[in-house]
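The values are calculated or read from the model by the stated rules, or taken from the named source; none is laboratory data. Keep in mind it's a predicted model, so treat the numbers as computed, not measured. Don't worry about glycine lacking a Cβ; one is built from the backbone with ideal geometry, like all the others, and counts go over all protein chains shown. Keep in mind that these areas ignore ligands, DNA and RNA; they rest on the heavy atoms of the full protein, side chains included. Shrake-Rupley method; radii C 1.70, N 1.55, O 1.52, S 1.80 Å.
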Amino acid sequence: MEQAFDLDNDQAYLDWRARKLALHPAGIEGIAVEMNSLAQPSAAELAAVRQRVAAYNVALIRTRPANVSPQSVILLGRALSLIRTDANLLADAQAVSWITPAPLRTEDGGATTTKRADFIPYTSKPLSWHTDGYYNAPQEQVLAWTLFCVRPARAGGINSLLDPEIAYIRLRDASRTHIEALTHPKALRIPAHEQDGKMLRPLSTGPVFSIREGHLHMRYSARGKNVIWRSTTETDAARDALTQLFSTGDAFTLNHRLEAGEGFVSNNVLHNRSAFAEAPGDASQRLLYRVRYLDRIQ
Ligand SMILES: [Fe+2]
């Protein structure tokens, strides 16, 4: 597969492209897999998930809502050979992030001190297109994530997803210059994150498209803030092509609102989230569990 991403090997690219496009569009039902237990998935269930992920880089898992817990989500990850978690600032001890606008409570009943509201994922605001962990160091990129819904919002909170391999195809078909610009090792720079004089995350510089163990990896954020793009005409044109792709939509873009008991497992596909309605009490707020991994679903 690696040869497909070599700009000097058009035949390998065209062969891979034809196989890839023949799989699409799947639609949400085409990526869905029923699972009896997240904590103890059967061999057949796992095979079905791997098959969806191999084809689309994402699968939708449906289980009974009572099955969704931080522990069961971690165990499902392990069953998919996802071992190395990306422990981010706001994750719990097991690297599970509680994605909710509700304030998290400490054991003595107080609110947590971390400034969650500084991070858009932990608000009800919309999230623009990105892959997870684009601000991580190049050697610590997020290659997979899982996202399970405990409680959806009363309204909104819809995810759109796009396989980065489709984004690559759209851009390479438009112009090989786009690919050259986005594989440049200094294409995208994310400044260090400092808070109260403390360095929380160092500067991250790297390409948008890279090849890791033979697979395409994408590092991207549509945000205008805290994102520095390489200053060349070619980079501008490639960025515009991506913006265009996201704004006009693609036949292969998936749109879905996770219901209770549903979750995505993904090789870090591009995604966004629409704004959602906040609920009056903390106990009825939208709540999702997310885990990020430095491993890929094979
Ligand atoms: Fe995300």
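Observations
- Taking the listed residues 245, 203, 270, the one that is free of Cβ contacts under 8 Å to residues at least 60 places away in the same chain and aliphatic (A, V, I, L, M) is 203, with no other qualifying.
- Of the residues 102, 87, 93, 144, the single one that is open to solvent by less than 60 Å² (accessible area, probe 1.4 Å), modelled with pLDDT under 95 and closer than 29 Å to residue 37 by Cα is 102.
- Scanning the range 149-164 for residues that are within 15 Å of the ligand (Cβ to nearest atom) and assigned to a strand (DSSP E or B) gives 149, 159, 160, 161, 162.
- In this structure, residue 165 does not qualify as over 15 Å from the mean Cα position of the chain (by Cα), surrounded by 15 or more Cβ atoms within 10 Å (Cβ to Cβ) and within 25 Å of residue 250 (Cα to Cα).
- In the set (1) surrounded by 13 or more Cβ atoms within 10 Å (Cβ to Cβ); (2) among the small types (Gly, Ala, Ser); (3) closer than 19 Å to residue 170 by Cα, residue 249 fails one condition alone, (1).
- The range 238-273, subset β-branched (Val, Ile, Thr) and away from the ligand (no atom under 16 Å from the Cβ), residue farthest from residue 140 (Cα to Cα): 248
- The range 180-202: number of residues that are touching a strand residue (DSSP E or B) at 6+ places or on another chain (Cβ under 7 Å) and surrounded by fewer than 20 Cβ atoms within 10 Å (Cβ to Cβ): 10
- Where a residue in the range 120-148 is more than 13 Å from the ligand (Cβ to nearest atom) and its partner, wherever it lies, is in a strand (DSSP E or B), with Cβ under 6 Å and at least six apart: 124/276; 137/204; 138/206; 148/263; 148/289
- Any hit, the range 210-221, residues being modelled with pLDDT of 95 or more, open to solvent by less than 60 Å² (accessible area, probe 1.4 Å) and either of a type in the set (Asp, Glu) or assigned to a loop (DSSP other than H, G, I, E, B) (or both): yes
- Residue satisfying condition, being more than 16 Å from the ligand (Cβ to nearest atom), modelled with pLDDT of 95 or more and in a helix (DSSP H, G or I), within set 170, 189: 170
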